[in-house]
1. Based only on other Cβ atoms within 10 Å, what is the fewest-to-most ordering of E241, E197?
2. Amide H to amide H, which residues 5 or more places from Y212 or on other chains are under 5 Å from it, using H placed in the peptide plane?
3. List every residue whose amide H lies under 5 Å from the amide H of G46, counting only residues 5 or more places away in sequence or on a different chain, with H placed 1.01 Å from N in the peptide plane.
4. Add +1 for every Lys or Arg and -1 for every Asp or Glu among the other residues with Cβ under 13 Å from the Cβ of I243, and state the total.
5. Taking θ as phi - 60°, what are the ³J(HN,Hα) couplings along the stretch 54-62 by the Karplus curve (6.51, -1.76, 1.60), each to the nearest whole Hz, with x for Gly and Pro?
6. For D116, D70, what ranking results if the residue with the fewest other Cβ atoms within 10 Å of its Cβ goes first?
7. Can you compute 3J(HN,Hα) from phi for each residue in the stretch 30-38, using the Karplus curve 6.51 cos²θ - 1.76 cosθ + 1.60 with θ = phi - 60°, rounded to whole Hz and x for Gly and Pro?
8. List the residues, sorted by chain then number, that are 5 or more residues from K132 or on another chain and whose placed amide H is less than 5 Å from its amide H.
Amino acid sequence: MRHSKILLCFVAAFAAAALFADAGNTLITFSTVADSYADGAPVADGEWYALCWSADGNFDGITSECEPVDSSDKIFLMAPLAKNGRCPTVVFQLDSKVAPTSGDYCIYLLDTRGVDSEGNNTSPAKRGANGKPSIVRAAVATEAKAAGATGADASMTVQANVGLSTNVGGDVAWGASAVDESKIGQPVIKAFKIEGEYAHITVENMHPSVLYSVFSGATPSSISTTPVSVPKSPDGSNSAEFIVPKAEGQFFKVARQPIK
């Protein structure tokens, strides 16, 4: 954000950081303890966290374009903060001109990992030209919330969520990032051919921020919810070719890779 500054530091440096805050600005401090992805793997270094806000206290999630699902919600910070399986202490200074005077802040952990040719998870996404990750597979809210600053005294530096400590993973509910289908639509199978013991399936109209897999079954109504292919993200033309054993089924469909 143009009006915001990010200060990443340890708790011991918090007092020094506060000296640089402009009068009336909001300081939000947050950290996590031990985070994991939906598949149970520890959060990788460089994974992204987001500082979010909602007027009604119910942030409705993050889209694959790194925007809030509800246009009235806000995302004030999205950054690759993870280190050693957690988010270290972050002091975020929010300009008083844009800081909400009510509502709730919350911290989201993202899953921005891609996959390699064998379907193994890769490192978190790098910062793109727009300053955001290129892939957002899923996101989960931490257990922490903090009431928005009241702003009763414009000359006061408000400290919200000071010392916040959260733990993400386990039984918390991960949600797939929302996809605006009006922008890309559903994936479409454009070509299908059998070569030897394998089916080659060419898919187009894939969302650039989403991982896809092939699912199969003996009949259209019995297609399994378990993928039979290595998950893939689309290439530059938003298309990809999947190769699966033809013995996996008589009918195939392409859909989003499950979170777990």
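Nothing in this text is a laboratory measurement; each read-out follows from the coordinates by a stated rule. All values derive from a computational prediction rather than experimental measurement. FYI the Cβ positions are ideal-geometry reconstructions off the backbone, even for glycines, and counts take in every protein chain you see.
1. Final ranking by Cβ density, sparse to dense: E197, E241.
2. Sorted by chain and number, the residues that satisfy this are K232, S233, Q257.
3. A82, K83
4. -2
5. Computed from phi, the couplings for the stretch 54-62 are 9, 5, 9, x, 10, 5, 8, x, 10 Hz.
6. Fewest-to-most ranking of D116, D70: D116, D70.
7. 8, 7, 10, 9, 7, 9, 9, 7, 4
8. Correct list: empty.
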